[in-house]
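Q: This is the structure I have questions about; it appears just below.
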Amino acid sequence: MNHKTEQTENISIPRIVVAAVQGRSGKTTFTIGLLRALRERGLLLQGYKKGPDYIDPSWSTFASGVQCRNLDGVMMTKAQIVHSFCKHAQDKDIAIVEGAMGIYDGLDWQGSNSTAELAVTLGAPVILVVSGQRITRSVAAIVSGVINFDKRVHIAGVVLNQVARNRHQDMMTKCIEEYCHVPVLGAIPKASDIEIPDRHLGLIPAGEQDALRERIDRLGQLIEDNVDIDAILKIAADAPAIALPSNVIRVEKKPAVVKIGMFKDRAFSFYYPENIEALEEAGAEIVAIDAINDAHLPEIDGLYIGGGFPEIFAQDLEKNLTMRQSVKNAAEAGMPIYAECGGLMYLSKAVESENNHYQMAGVFDGVVSMQKRPVGHGFAFQKPTAANPYFSPDTLVKGHEFHHSKILLPQEPSDYHWAFETQRGKGITTNGEQTVDGLLYKNTLATYHHFHAASSDEWAKSFIQLAEAFHKNK
């Protein structure tokens, strides 16, 4: 997904980045509440999430009513970050970027992909969310350190979170404004009825949606009542014009030449919108499939199975025998199937969790065992093997992995065909001295690796070519 314009164009986009000193400070809670409050005011919004993440963007999308986008300095170049930002925010009243972890935390000690670096890339003022738990006057020292650590970063205001009482709020506010010379824009009181759960199930039943909507509505009202939203809008409006890069090629969407199915249900909901758009731009019509309730695959030429929580819905997936058999038959027939994490689990022989054992599609003979702690977590870099039908060997595939499972293979790793040699990350297993990922069978690739289309435009083109070849040979 490369984009190009003939000359650099300056665009005025009201924007802020929401950051924090460290994780669990309340960034997500504040961001979701702010989006909801602004939506209630009738503003057009665009939400973004820094880094590889599916869960926080799903909440942002739910709160704002607009598809949240990911911006990441590892999986995307600076030009791609700015282009994606401008493309989706240029017609909106305000863009809100939620950071990740602490403001200066990144993949390396220089913080090259940190929230701060993203704010600099976007020329965006930062609203710093600071937890007020077990601290009073010392909060000013922390805020001062953040302000002075990197002078390129513009800390435009502070929002206090988890504030116990008025006296607590007054002391922190006076110290920050006196010693840091930055305004405190509000203080969010402790409130248990607006906590955001760690796990979000994607497409959820209407009854659960109503309960979530009520919680987010309360959160939006809490932000409206306790934060100076007008001041935030003024800060966003004062952000300087941003230059749209001139070195990115705009690809026009091709007419659909193949149909690519995509599991989209409660079990499978982790997809980057850019991946779907890349397939559409390359010539795919996307066909949504419910792996739990649909009896079999529709008339398609390829299948994309993303991540999600298949372990939560393993019993329901097992009950749908006809769908599992349909997928296995498609793989056997040579249909291109690209499966990530949850998709790998579905294509395995079975999923085991404590005393439960659920049959899956059985394209591969490994059994997925659920673990109590994360097995793979963080950015992942993959070098494609010569056998990989989706990427050429000279491509570095960037993405991330986050899984609480491992696949137990009954044969030696050397007995399988592998799509990737893992340069960074846990992968699936070790083949000799090399960590590997991506089980291959015919045109099926199943991996723990979550790929972002900004990392390579090769994936979508290869997927479409494989689907076209499969269609012709039906």
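The values are calculated or read from the model by the stated rules, or taken from the named source; none is laboratory data. Bear in mind that the values here come from a model prediction, so they are computed numbers and not experimental data. Every residue, glycine as well, gets a Cβ built from its backbone with ideal geometry; the counts of neighbours run over all protein chains shown. These accessible areas exclude ligands, DNA and RNA; they are computed on the full protein's heavy atoms, side chains included. Shrake-Rupley method; radii C 1.70, N 1.55, O 1.52, S 1.80 Å.
Q: Restricting attention to the stretch 364-377, which residues are in a loop (DSSP other than H, G, I, E, B), modelled with pLDDT of 95 or more and over 17 Å from His449 (Cβ atoms)?
A: Asp365 - this is the single residue of the stretch 364-377 that is in a loop (DSSP other than H, G, I, E, B), modelled with pLDDT of 95 or more and over 17 Å from His449 (Cβ atoms).
Q: Restricting to the stretch 135-185, give me the number of residues that are of a type in the set (Ser, Thr, Tyr) and part of a helix (DSSP H, G or I).
A: From the stretch 135-185, those of a type in the set (Ser, Thr, Tyr) are 136, 138, 144, 173, 179; that's our starting set.
Next, from what is left, pick out any that are part of a helix (DSSP H, G or I): 144, 173, 179.
Residues in the stretch 135-185 being of a type in the set (Ser, Thr, Tyr) and part of a helix (DSSP H, G or I): 3 in total.
Q: Looking only at the stretch 88-122, count every residue that is under 21 Å from Ala237 (Cβ atoms), open to solvent by less than 60 Å² (accessible area, probe 1.4 Å), out of contact with any helix residue (DSSP H, G or I) (no Cβ under 6 Å at 6 or more places or on another chain) and part of a loop (DSSP other than H, G, I, E, B) and tell me the total.
A: 1
Q: So which residues in the stretch 62-71 are outside any helix (DSSP H, G or I) and either without any contact (Cβ under 8 Å) to a residue 60 or more places away in the chain or open to solvent by less than 10 Å² (accessible area, probe 1.4 Å) (or both)? Outline the logic, then answer.
A: Going residue by residue through the stretch 62-71, those that are outside any helix (DSSP H, G or I) are 65-71.
Listed by number, the residues that qualify are Gly65, Val66, Cys68, Asn70, Leu71.
Q: If you scan the stretch 449-473, which residues turn out to be open to solvent by less than 10 Å² (accessible area, probe 1.4 Å), within 21 Å of Met76 (Cβ to Cβ) and in contact with a helix residue (DSSP H, G or I) (Cβ under 6 Å, 6 or more places away or on another chain)?
A: Those that are open to solvent by less than 10 Å² (accessible area, probe 1.4 Å), within 21 Å of Met76 (Cβ to Cβ) and in contact with a helix residue (DSSP H, G or I) (Cβ under 6 Å, 6 or more places away or on another chain): Ala453, Ala460.
Yes or no, residue by residue, for (1) hydrophobic (A, V, I, L, M, F, W, C); (2) on the phi > 0 side of the Ramachandran plot; (3) at pLDDT below 95; (4) open to solvent by less than 50 Å² (accessible area, probe 1.4 Å):
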{"residue": "Ile127", "(1), (2), (3), (4)": "yes, no, no, yes"}
{"residue": "Ile147", "(1), (2), (3), (4)": "yes, no, no, yes"}
{"residue": "Asp150", "(1), (2), (3), (4)": "no, no, no, yes"}
{"residue": "Thr173", "(1), (2), (3), (4)": "no, no, no, yes"}
{"residue": "Asp210", "(1), (2), (3), (4)": "no, no, yes, no"}
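Q: Taking the stretch 186-208 only, how many residues are assigned to a helix (DSSP H, G or I) and modelled with pLDDT of 85 or more? Steps first, please.
A: Looking only at the stretch 186-208, we keep the residues that are assigned to a helix (DSSP H, G or I), and these are 192-194, 206-208.
Filter once more, keeping what is modelled with pLDDT of 85 or more: none.
Total satisfying the criteria: 0.
Q: Considering only the stretch 72-87, state which residues are assigned to a helix (DSSP H, G or I) and either surrounded by fewer than 19 Cβ atoms within 10 Å (Cβ to Cβ) or without any contact (Cβ under 8 Å) to a residue 12 or more places away in the chain (or both). Give the steps one after another, and end with the answer.
A: Filtering the stretch 72-87 for residues assigned to a helix (DSSP H, G or I) gives 78-87.
Answer for the stretch 72-87, where residues must be assigned to a helix (DSSP H, G or I) and either surrounded by fewer than 19 Cβ atoms within 10 Å (Cβ to Cβ) or without any contact (Cβ under 8 Å) to a residue 12 or more places away in the chain (or both): Lys78, Ala79, Lys87.
Q: Can I ask one more? Residues in the stretch 338-351: is at least one open to solvent by 20 Å² or more (accessible area, probe 1.4 Å) and touching a residue at least 24 places away in the same chain (Cβ under 8 Å)? Explain how you work it out, then say what you get.
A: We begin by selecting, within the stretch 338-351, every residue open to solvent by 20 Å² or more (accessible area, probe 1.4 Å); these are 349.
Adding the requirement that they be touching a residue at least 24 places away in the same chain (Cβ under 8 Å) leaves none.
The answer is no; no qualifying residue exists.
Q: If you don't mind, there's one more thing I want to ask. Kindly establish whether Ala419 is within 27 Å of Lys461 (Cβ to Cβ), open to solvent by less than 20 Å² (accessible area, probe 1.4 Å), in contact (Cβ under 8 Å) with a residue 60 or more places away in the chain and touching a strand residue (DSSP E or B) at 6+ places or on another chain (Cβ under 6 Å).
A: No.
Q: Failed condition for Val375, given (1) among the β-branched types (Val, Ile, Thr); (2) in contact with an Asp or Glu (Cβ under 8 Å, 6 or more places away or on another chain); (3) open to solvent by 20 Å² or more (accessible area, probe 1.4 Å), with all others met?
A: Exception for Val375: condition (2).
Q: State yes or no: is Leu317 under 27 Å from the mean Cα position of the chain (by Cα) and either modelled with pLDDT of 95 or more or over 18 Å from Met262 (Cα atoms) (or both)?
A: Working: under 27 Å from the mean Cα position of the chain (by Cα): yes; either modelled with pLDDT of 95 or more or over 18 Å from Met262 (Cα atoms) (or both): yes.
Spelling it out, Leu317 is indeed under 27 Å from the mean Cα position of the chain (by Cα) and either modelled with pLDDT of 95 or more or over 18 Å from Met262 (Cα atoms) (or both).
Q: Restricting the search to the stretch 33-61, which residues are more than 20 Å from Met76 (Cα to Cα) and either assigned to a strand (DSSP E or B) or at pLDDT below 95 (or both)? Explain how you work it out, then say what you get.
A: At the first step, the residues of the stretch 33-61 found to be more than 20 Å from Met76 (Cα to Cα) are 33-45, 58-61.
Of everything in the stretch 33-61, those that are more than 20 Å from Met76 (Cα to Cα) and either assigned to a strand (DSSP E or B) or at pLDDT below 95 (or both) turn out to be Leu45, Ser58, Trp59, Ser60, Thr61.
Q: While we're on this one: Can you confirm whether Arg165 is at pLDDT below 90 and surrounded by fewer than 23 Cβ atoms within 10 Å (Cβ to Cβ)?
A: Answer is yes for this residue.
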